[in-house]
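The values are calculated or read from the model by the stated rules, or taken from the named source; none is laboratory data. Just so you know, these numbers come straight off a predicted model, no measurement behind them. Cβ sites come from the backbone with ideal geometry, for glycine too, and all protein chains shown count toward neighbours.
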Amino acid sequence: MEKLIDKLKNRYSLLIIIITVIFSIMAFKLAEITIIHGDEYREKADNTKVKKIPTPAPRGNILDVNGKVLAENRTGFTVQIMKDEFIENDKNVSSIKIMSLLEKQGENYIDEFPITLSSIDYKNEKDFFEADTNITDDIAELLIQNGLVDDLLDMTYEHITDFNEYRFSVANRALSALNEAKEVLKLPIKIDYKDGKVDYKYKEGEDIESWKEELNLSKTKNPKSDIIQLLLRDNERVKSLISHPIVRKFSYELLDKKGKVNNYKLVDYKFSFDNDYRDIKKNLMTHIETEMLSLIDDGLTEEAELELFGEIKPKGTEAQKENTINQLKNKYPNIYPSISFETSAKQDFITLLKYRNFKDMMIFGYEKEGESTTLGLELLSYLNNKNVEIPFIYAPDDGNIFEFTNDKEKNKFINKNNLQKDISADAAIEIFIKEEKLFDEFVILDDIKVNTQSFLLQYINPKISISKWEYTSLIDKEKWIESKNIKKYKDAEDVFEKLVEKSNIDKDKNITNELNIYEKRFILLLNDLLTKQGYRAYEPITIAYNIKDETVAMIKERNMYFPGIKTSLEPLRYYPMGETAAHTLGYLGKISQADEIDQYINKGDYSRNDIIGKTGIEKEFEDYLNGKDGHKLIEVDAFGNTHKTNGEEAPVPGNNVKLTIDYDLQKKAEESLKETIEKLQTGGTYESEYGNYKFNKPYRNAKSGATVALNVKTGEVLAIANYPSYDPNLFSTGITLSDYENLRPENEKDPLAPRPLFNMALRSTIPPGSSFKMLPALAGLEKGLNPYEKVNSLGYVDLGGGTKPACWIWNDYRGTHGPTNMYEAIEKSCNYYFYTLAAGKNLRTNRKFGVQVTVEDMRNMSKQFGLNEKTGIEIPEEKSGRVPNEEDKLVGANLRLKSLLESKKESLVEGKKLKDKDIDEFMDIFSEWANRENMSAKEVIDELERLDVVEEEMSSLKDYLVYTYFREARFKLDDALYTSIGQGQNAYTPIQIANMVSTIANGGYKNELTIIDDITSYDGKDIGYEKKQKRERIELKDYNYLEEIKKGMLQVVERGSVKRIFNNFPVKVAGKTGTAQAGKNPVTKNDYDNYAWFVGFAPYDDPEIAVATVIFQGGSGGNSAPITRDIIGHYLEVNKDKKEEK
């Protein structure tokens, strides 16, 4: 023992003992970690990850060239849920409390839960289908007509429990609806209510009299009266008010007391999916009925009437028309089927296609295995593969699509199928395949249905999934119910109750009183949002945007009652100028499309809650404007729950984008365009400081237009205006369904119907009419045209076959321009002169002109001016126009020839059935023949003999090649004539035409356009952004030719049809009118009024600005001239002031 004590006294021995003990403890602990708790720690190590929670950075500002803010950020409070902080045991109570508070305060919140409460519906389906308006419109109108808005405002709902006070006031809801109205900037009114009594007060310290005067309200100090007046100014506000389930219920009860709900009922629970399904069914049924009525009103083709009735039927009364429709449907159910709630999605898809124009469908083209084809060609291939004997070839020409192979086969087919003797090939094949249900089989083939769907979507979107053959709303419904693990259910109420049961609401120990259905729905709504969040629990879920300061204060005061719920002051996009430059700026939206999810979430650093640019500058410069988000670094487990925070970084605002547009000029362009269109509709007077202009006649369908102004020296865009426009503020935090519906065209089938969201200046490719004539004239000068040589302009030319291209003076007055030189032809817009230029001779007198400008000449000149390419402007929606292209004609001609050869593959060469390879070889040979100059019929016969074509087929094939294929494969004379006056295949956007005029004005320099002046950091520092803008001079033999063109344009303004518009204008302007045909309205079947173009530049001697303006259905080009004049005037006045200041 003593020895042991002695050893312990030895310090070295003691050290060894201590070390041994420590290592023993460490070994034991290591064993415990690896053996006993190894799996647990391993799992934590595997699953615990560091995540970044983004702190949104304010988007950069968008400014005009002078620094005026066009898009900025306003801070607004949002309400957010932190999923991992949402205490599980208190989740239901917290949900009720926060939603009750938002309701009480009249705040709008995100509601994507697909079971709606207290819906108003029709008592029977017949009333639903016969109604011309929707129920919300009807209820709003009934409330107003019966003076019930006053009573409705005083209604409240309360549900007081031990743990919550749920209070709802219609008046508070009304304040929210009015706050959303863009013209009501603030409402100095406060609502207090308790025990069912509502008290309306003005807020203290507010200048009520000035506010009333600003909004033109009655001077009586009655806040409730003010609310009612503002509500009744726009039915949309009342409709917004009754979008809430409690207000709907109150509205129904008020109307019921008045005996005004005879055909309505109140539905406690309803799937929103079912509403969507029923609405689309009704739309499709209405669509079919409209198509049938249109068919009867416009008349069946005579051949169709003879086929169906054996006579040409006179048009009758509405009752007779309805009877005729029923006869058609009953007698020919396969040709005129119906859509009902009993028909399937697949049947409806087929039906919709049957009511589309058969010819249009058959020429619908697409790519197949790298080659062009059409539905018509594929139909014939399908019928041949089924061994269906048909005597047709695909030969589109002059409005017809198919031809009979020969009279013998035609008569055999007609007799066999009991068709009318003189029926056309198109009508015959259409009736045959529809009656035999071959059409039904063809349009849903796996390799065809995508293309028939694409064709159909040009006219209507049936919202049918062609992969599952079901309506998308019903698919979404089943997916949603399945995601809730509900296998069987009866209706919406049953699903609702099952979800309540799954949420353990009734078993929640914190809920001591019975909940009403609205409170239950609050819980289910937030549960649904939490489920969608998945395993990204560290990301906040925003449930309300832009809430009132008062609401924020209440949430903060009661923070202990809202675990996991916070308010956050976040930047919200704001456009202080409203609709000004909306199409240039673009709008924002949530990340929703598959490509956006992949780009921004999967590959980028965005979250589901982020808002991105969807169009315009907001989209194109998303990477610059979005800036750099800040973040918190947190540790989360596999379930997304937070363990701890490891630090944070403040956000950096996005960069500022300065545009080249001038706000004042932009505003002037938009105001001039709007006022001109409104006055033109009534034949009124456009008033201007540069001179008033009385329109000669009203053009009631002139409802939209566009104008573009450019700096001719730099290619900078000065202004882009479209009418109608929209307010991008609607999209800043998510647009409502009602607001989005108001921005859609009145009729989707009408391509010229006003489209507020459509950037016409950059996307409408339309014929330029006479505003194009400068280019054929320039091409003529290049080929030696003497601009003083006169053409005896005789009004019209006769090309035979009923084709008589004419000058406007002949069409309008049966007049002629007589002897006309190039300058006068531009000034007077004489079509006849340009016909002569394109033909190389006067087609009425046969006198040689000395110069001929071919389609190829015009095509090449158009390409030099950039009309076959985008202008380069940094707005992603821009489309390119198209120049006349002989290759397009050749493609069509080849398709028709190939169809003919395929129909003859067993009989063309004796003893041989042609294979696809053989037909392709024939096509190559015939295409080469088409390129020869004037190959004669005898030469064709000789060549066909060498190809071993049988004698029986020789003559018909020779005729087709010589008289059809060779002519169709090349441009013909009428193509050249129509191209020379800006019709035919010419189709360009307003911004392309503006750049064409700019290139003429500046001496032939084609600028790549830009709308970006500079991009700097949020604090104004240089970030190194450089514009890559091209500028190249077009190729001309003599650039003085441009001066000759400009002289003609000067005469337009000084001596031509717009002389009186520019009489008092202080600056010399050169310009050109353009009146272009717009075709037929597919809805009304009537001719559209013409496009009205006016283009110009100024000052004439030293050009600075070029402008192109077009009014859709504006009648004649001169009607657009006042807009162009005023834009030029405003720009030059402002620039003059700036120069004087310098």
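Structure notes:
- Residues that are more than 38 Å from the chain's Cα centre (by Cα) and not in a helix (DSSP H, G or I) were ranked within the range 1039-1062; the one that is nearest to residue 833 (Cα to Cα) is 1056.
- Residue in the range 228-242 that is in contact (Cβ under 8 Å) with a residue 12 or more places away in the chain and touching a strand residue (DSSP E or B) at 6+ places or on another chain (Cβ under 8 Å) present: no
Rundown of residues vs (1) of a type in the set (Lys, Arg); (2) surrounded by fewer than 12 Cβ atoms within 10 Å (Cβ to Cβ); (3) touching a residue at least 40 places away in the same chain (Cβ under 8 Å), yes/no style:
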site	(1), (2), (3)
904	yes, no, yes
909	no, no, yes
916	no, yes, no
919	no, no, no
927	no, no, yes
943	no, no, no
947	no, no, no
950	no, no, yes
962	no, no, no
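- Some residue of the range 482-496 being closer than 18 Å to residue 270 by Cβ, surrounded by 12 or more Cβ atoms within 10 Å (Cβ to Cβ), basic (Lys, Arg) and within 38 Å of the chain's Cα centre (by Cα): yes
- Residue 815 being free of Cβ contacts under 8 Å to residues at least 40 places away in the same chain and either out of contact with any Lys or Arg (no Cβ under 9 Å at 6 or more places or on another chain) or closer than 24 Å to residue 881 by Cβ (or both): yes
- Residue satisfying all of: in the range 892-911; over 30 Å from the mean Cα position of the chain (by Cα) and closer than 30 Å to residue 838 by Cβ; modelled with the highest pLDDT among these: 897
- In the set (1) part of a helix (DSSP H, G or I); (2) surrounded by 13 or more Cβ atoms within 10 Å (Cβ to Cβ); (3) of a type outside the set (S, T, N, Q), the condition left unmet by residue 459 is number (1).
- If you go through the range 677-692 and keep only what is touching a strand residue (DSSP E or B) at 6+ places or on another chain (Cβ under 6 Å) and surrounded by fewer than 18 Cβ atoms within 10 Å (Cβ to Cβ), you end up with 685, 692.
- The range 811-847 - residue that is modelled with pLDDT of 90 or more and among the aromatic types (Phe, Trp, Tyr) and, of those, farthest from residue 777 (Cα to Cα): 832
- The range 690-704, residues that are of a type outside the set (Gly, Ala, Ser) and in contact (Cβ under 8 Å) with a residue 60 or more places away in the chain: 690, 693, 695, 697, 699, 701, 703
- Residue 253 vs. criteria assigned to a loop (DSSP other than H, G, I, E, B) and among the charged types (D, E, K, R): no
- For the range 440-454, the criterion of being farther than 30 Å from residue 744 by Cα, crowded, with 20+ Cβ neighbours inside 10 Å and touching a residue at least 24 places away in the same chain (Cβ under 8 Å) is met by at least one residue.
- Some residue of the range 709-722 being buried (at least 20 other Cβ atoms within 10 Å of the Cβ), in a strand (DSSP E or B) and among the polar types (S, T, N, Q): yes
- Residue-level analysis places residue 377 among those that are closer than 24 Å to residue 403 by Cα, at pLDDT 90 or above and over 29 Å from the mean Cα position of the chain (by Cα).
- Counting the residues of the range 473-510 that are touching a strand residue (DSSP E or B) at 6+ places or on another chain (Cβ under 6 Å) and outside any helix (DSSP H, G or I) gives 0.
- Qualifying residues in the range 562-620 (those that are of a type in the set (Ser, Thr, Tyr) and part of a helix (DSSP H, G or I)) - the one surrounded by the most Cβ atoms within 10 Å (Cβ to Cβ): 584
- The residues listed here are 660, 707, 685, 676; of these, the one that is free of Cβ contacts under 8 Å to residues at least 12 places away in the same chain and either closer than 30 Å to residue 1093 by Cα or outside the structural domain of residue 1071 (by TED's automatic domain parsing) (or both) is 685.
- So residue 1076, is it among the aliphatic types (A, V, I, L, M) and closer than 20 Å to residue 776 by Cβ: yes
- For the range 999-1029, the set of residues classified as assigned to a loop (DSSP other than H, G, I, E, B), of a type in the set (Lys, Arg) and either in contact with a strand residue (DSSP E or B) (Cβ under 8 Å, 6 or more places away or on another chain) or not assigned by TED's automatic domain parsing to the domain that holds residue 861 (or both) consists of 1027 only.
- Tallying residues that are aromatic (Phe, Trp, Tyr), surrounded by fewer than 23 Cβ atoms within 10 Å (Cβ to Cβ) and closer than 21 Å to residue 1108 by Cβ within the range 987-1037 yields 1.
- For the range 690-708, the set of residues classified as in a strand (DSSP E or B) and farther than 23 Å from residue 766 by Cα consists of 693, 694, listed by residue number.
- Going through (1) part of a strand (DSSP E or B); (2) without any contact (Cβ under 8 Å) to a residue 40 or more places away in the chain one by one, residue 117 falls short only on (2).
- Test: residue 1067 is touching a strand residue (DSSP E or B) at 6+ places or on another chain (Cβ under 7 Å), assigned to a strand (DSSP E or B) and assigned by TED's automatic domain parsing to the domain that holds residue 705: no
- Checked against the criterion of being surrounded by 24 or more Cβ atoms within 10 Å (Cβ to Cβ) and either on the phi > 0 side of the Ramachandran plot or not charged (D, E, K, R) (or both), the range 966-973 has no qualifying residue.
- Screening residue 141 against (1) assigned to a strand (DSSP E or B); (2) loosely packed, with under 15 Cβ neighbours inside 10 Å leaves a single unmet condition, (1).
- Residues of the range 843-866 satisfying the condition of being closer than 30 Å to residue 798 by Cα and in contact with a Lys or Arg (Cβ under 8 Å, 6 or more places away or on another chain): 847, 848, 849, 851, 852, 853, 857
- Complete set of residues in the range 213-227 that are outside any loop (DSSP other than H, G, I, E, B) and surrounded by fewer than 17 Cβ atoms within 10 Å (Cβ to Cβ): 213, 214, 225
- The condition (being surrounded by fewer than 16 Cβ atoms within 10 Å (Cβ to Cβ) and out of contact with any strand residue (DSSP E or B) (no Cβ under 6 Å at 6 or more places or on another chain)) is satisfied by just one residue among 520, 548, 532: 532.
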